[in-house]
Amino acid sequence: NIEVPHNMTMSSDGQYLYNCFIDNNIVQKYATATNTLVGEVDLGVVGSWNVIKLNADNSKAFISDLSNPGKIAVVNTNTMTMETVYQGPGLFDNPHGVAVKGQGDTLYITAQYGNYFYRFIPGVFSNVKIPVVPGQAISTTPNTYDPHEIIFSPDQSMYFLSCQSSNEVRVFMASNDSLIKVISTGVEPLEFAFSEQKNLLFVSCSETPNPNFIGLKGSVDVIDLNSLTIVKTLYSKFFQPHAMVVDEDRSELWVGSRNSDINGPAPHHVSECGGRNGFFEVIDINSWQTVRGVSELSVDPYSAVITP
C-alpha cells in the first residue's frame, strides 16, 4: 500500500490496462492476455496522480494530479514516454475527474472542491472554468458541489458530473456546455459505469443510509440515458461502494466496497497492506438480483475494470 495504486483504465480493444499511483510518479501498462507488465514511464514530476483516461485511439493517456495547484500529464501509450505536463499557478485547482473528447483535442476536468469544472483545449491553451450552476460565480469553497467524476455518454453528445457534496448528477450538452438536467441521487455520488447494451448509467453513492441492511451504507443509482431519470436504486450489502464495472457479456454489474470506515464490516482476513479489507458483489442487471455475494478483497478496492 506504500505507492497507493489509485485508478485503472483499459484500452478500447481490451488489450492493455493502465494504472497510476497517488504516491508514485510511475504509470504502468499491462497486457491483459498475460497479465504482465509490458511498459512503464516515470512522469518526472511529483504529484498525487488520481485519474487516468485514454483518447479515442488509445494512443495517449491523460493523468490528473489532485494537488493544488495540480497538473495534467500526457503520456504516449505506444512508446510509453512522456509527451508533456500542463501545469502552472492558477491553471488547475485540485483536478480530479477527466473526460477526453475524441483524440484529446478537448478535455473536461473536474475541480474537486468548489462549484466548477474545466474545459481545457490544449492546442490553443484555452482553459475555461464552467460553473455547475449556470451564471453562478466561480467558487473554490469546499462542501458546496465538489464535482468528483466526469464522463461522456457513449455517443459523446452529453457528459455527466457527480457532485458529491450536493448529492446530484448534473448533465450537460457536449456541443455547447449547457446544463440539461439535475438528477438528485443518494448521498455522496462518486463513480460512474455504463451499460451501453441497456442504455444505463450507474452511479455509486458512498454514504447513503441502507434501509435493507442495518449497519451498512451506500447505494447504486441507475439512470436511464433516454429519460435521464433514476429508474432503480440498488441497496445491497454495500459499505462505501465506489469502483464499478459492467460485464456486458453476462449483463452483470460488479460493485467494489471500500469499507475504509472503522464502523464497516470487520474483515475476515488481515491484509499485508495494512488497513481494512474491502469486498465486492456482482448483480444481474436483468433481474437486479445478487449473483455473487460479498467476496473479500484487499485494502480499499478503489478502481475496477473487466478484461476480455
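Return yes when Val222 is in a strand (DSSP E or B), over 29 Å from Ser166 (Cα atoms) and either open to solvent by 10 Å² or more (accessible area, probe 1.4 Å) or out of contact with any Pro (no Cβ under 8 Å at 6 or more places or on another chain) (or both) and no when it is not. Against the criterion (in a strand (DSSP E or B), over 29 Å from Ser166 (Cα atoms) and either open to solvent by 10 Å² or more (accessible area, probe 1.4 Å) or out of contact with any Pro (no Cβ under 8 Å at 6 or more places or on another chain) (or both)), Val222 does not qualify.
Only residues that are among the β-branched types (Val, Ile, Thr), part of a strand (DSSP E or B) and farther than 23 Å from Val51 by Cα were counted across region 195-219, and they come to 1. When we screen Ser295, Ser260, Ser236 for residues that are part of a loop (DSSP other than H, G, I, E, B) and farther than 17 Å from His6 by Cβ, the only hit is Ser236.
For (1) more than 14 Å from Ser166 (Cα to Cα); (2) in contact (Cβ under 8 Å) with a residue 12 or more places away in the chain; (3) in a strand (DSSP E or B), each residue gets a yes or a no:
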{"residue": "Tyr113", "(1), (2), (3)": "no, yes, no"}
{"residue": "Tyr118", "(1), (2), (3)": "yes, yes, yes"}
{"residue": "Gly123", "(1), (2), (3)": "yes, yes, no"}
{"residue": "Val128", "(1), (2), (3)": "yes, no, yes"}
{"residue": "Val133", "(1), (2), (3)": "no, yes, no"}
{"residue": "Ile138", "(1), (2), (3)": "yes, yes, no"}
{"residue": "Tyr145", "(1), (2), (3)": "no, yes, no"}
{"residue": "Glu149", "(1), (2), (3)": "no, yes, yes"}
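Selection of region 11-20 for residues being open to solvent by less than 50 Å² (accessible area, probe 1.4 Å) and not small (Gly, Ala, Ser) yields Leu17, Tyr18, Asn19, Cys20.
Scanning region 74-103 for residues that are closer than 22 Å to Val45 by Cα, open to solvent by 10 Å² or more (accessible area, probe 1.4 Å) and in a loop (DSSP other than H, G, I, E, B) yields Asn78, Thr79, Met80, Gln87, Gly88, Pro89, Gly90, Leu91, Asp93, Asn94. The single condition from (1) buried (at least 18 other Cβ atoms within 10 Å of the Cβ); (2) without any contact (Cβ under 8 Å) to a residue 60 or more places away in the chain that Leu161 fails is (2). Filtered by the rule that a residue be open to solvent by less than 10 Å² (accessible area, probe 1.4 Å) and either free of Cβ contacts under 8 Å to residues at least 12 places away in the same chain or over 12 Å from Glu281 (Cβ atoms) (or both), region 242-258 gives a lone residue, His242. Residue count for region 50-73 under the criterion of being touching a Pro at 6+ places or on another chain (Cβ under 6 Å) and surrounded by fewer than 21 Cβ atoms within 10 Å (Cβ to Cβ): the result is 1.
Just one of the listed residues (Ser184, Ser206) is over 20 Å from Pro301 (Cα atoms), without any contact (Cβ under 8 Å) to a residue 60 or more places away in the chain and of a type in the set (Gly, Ala, Ser), and it is Ser184.
The values are calculated or read from the model by the stated rules, or taken from the named source; none is laboratory data. Please read all numbers here as calculations on a predicted model, not as lab measurements. Neighbour counts are summed over all protein chains in view; Cβ atoms, including those assigned to glycine, are modelled from backbone coordinates with ideal geometry. To get the accessible areas, we keep the full protein, side chains included, count just its heavy atoms, and leave off ligands, DNA and RNA. Shrake-Rupley method; radii C 1.70, N 1.55, O 1.52, S 1.80 Å.
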